[in-house]
Amino acid sequence: MTASASFFPTLSGHILPRLFAGHPITRQVFLVLAGSAFIALLAQFVIPLPYTPVPITGQTLAVLLVGMALGPRLGALAAVAYCIEGIWLPVFAGGATWAHPGTLFTGGYLIGFIGGAYVAGWLAERGWDRTILTTALAMLIGNVVIYIPGLLWLGFMLSPAPVGEVLYKGAVLFLVGDAFKIMLAMLLFPSLWRLINRS
């Protein structure tokens with residue numbers, strides 16, 4: 001591993017390293033806003049599902065990628081910025097804002113993005129994004145963190161629906177998509193680190 005790769009525990013230090021090099025605060029603000037924009041972009045990839053108010057989107061993938069790339073603090077701040085932007089801007093799935101009726105059902109997942117990005121970033125900071133297996137585990141744990149408030153809020157909104165129905169509508173339907181997202185990250189992060197370590 002090169003000295004630069006060991007000095008920066010996450011990929012954030014290697015993302016356009018000369019950009020705002022003399023202005024660390026400006027650089028951090030840029031990375032946070034770029035991360036929130038990336039989440040907003042992937043949020044527009046929407047596949048509606050029958051029988052559930054929660055669609056398949058690219059949000060979860062984007063949130064966890066941003067968290068692992070930027071680290072826990074900047075990754076979580078990017079998710080916070082994304083949630084705040086949704087007050088005024090149509091950045092949520094399908095161009096929605098917090099005022100959109102569908103957001104009433106998915107709001108728990110949006111809040112969960114903050115914790116998911118932080119946890120994924122915390123694990124990446126400890127080298128979990130360097131191998132295929134640990135990248136998969138980091139993505140899986142980050143997904144679980146997102147699902148917890150998402151399912152709790154969805155259960156509240158669907159009350160008095162039984163727990164099994166909430167789990168089906170809020171988690172089971174998305175397992176195949178989550179597995180695909182994890183596989184993408186498994187290919188991406190270890191490959192990027194190999195390129196960095198060779199430079």
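The values are calculated or read from the model by the stated rules, or taken from the named source; none is laboratory data. Quick caveat: nothing in here was measured; it's all calculated off a predicted structure. Cβ placement follows ideal geometry from the backbone for every residue including glycine, while neighbour counts extend to all protein chains displayed.
Does Thr106 count as in a helix (DSSP H, G or I), in contact with a strand residue (DSSP E or B) (Cβ under 9 Å, 6 or more places away or on another chain) and not basic (Lys, Arg)?
yes
Among the numbered conditions (1) surrounded by 14 or more Cβ atoms within 10 Å (Cβ to Cβ); (2) among the hydrophobic types (A, V, I, L, M, F, W, C); (3) over 16 Å from the mean Cα position of the chain (by Cα), tell me where Ile87 comes up short.
All conditions are met except number (1).
Please indicate, with yes or no, whether at least one residue in segment 9-31 is aromatic (Phe, Trp, Tyr), farther than 20 Å from Val145 by Cα, part of a helix (DSSP H, G or I) and modelled with pLDDT of 85 or more. Give the steps one after another, and end with the answer.
Here is the first cut: in segment 9-31, the residues aromatic (Phe, Trp, Tyr) are 20, 30.
Retained after the next criterion (residues that are farther than 20 Å from Val145 by Cα): 20, 30.
Those left that are additionally part of a helix (DSSP H, G or I): 30.
Right, trim to modelled with pLDDT of 85 or more and you get 30.
Among the residues of segment 9-31, at least one is aromatic (Phe, Trp, Tyr), farther than 20 Å from Val145 by Cα, part of a helix (DSSP H, G or I) and modelled with pLDDT of 85 or more, which makes the answer yes.
Output yes when any residue across segment 70-87 is assigned to a loop (DSSP other than H, G, I, E, B), out of contact with any Pro (no Cβ under 6 Å at 6 or more places or on another chain) and either hydroxyl-bearing (Ser, Thr, Tyr) or under 21 Å from Leu184 (Cα atoms) (or both), and no when none is.
Yes, that holds for at least one residue.
Which one of Phe174, Phe180 is among the hydrophobic types (A, V, I, L, M, F, W, C) and either free of Cβ contacts under 8 Å to residues at least 12 places away in the same chain or on the phi > 0 side of the Ramachandran plot (or both)?
Exactly one residue qualifies, and that residue is Phe180.
Kindly provide the set of residues from segment 36-53 that are of a type outside the set (A, V, I, L, M) and surrounded by 13 or more Cβ atoms within 10 Å (Cβ to Cβ), ordered by number.
Scanning segment 36-53 gives Ser36, Phe38, Gln44, Phe45, Pro48, Thr52, Pro53.
Determine if segment 130-137 includes at least one residue that is under 17 Å from Leu110 (Cα atoms) and either free of Cβ contacts under 8 Å to residues at least 24 places away in the same chain or assigned to a helix (DSSP H, G or I) (or both).
no
For Gly155, which of the numbered conditions (1) within 13 Å of Thr60 (Cα to Cα); (2) buried (at least 17 other Cβ atoms within 10 Å of the Cβ) fails to hold?
(1)
Does Phe189 satisfy being touching a residue at least 40 places away in the same chain (Cβ under 8 Å), out of contact with any strand residue (DSSP E or B) (no Cβ under 9 Å at 6 or more places or on another chain) and assigned to a helix (DSSP H, G or I)?
Yes.
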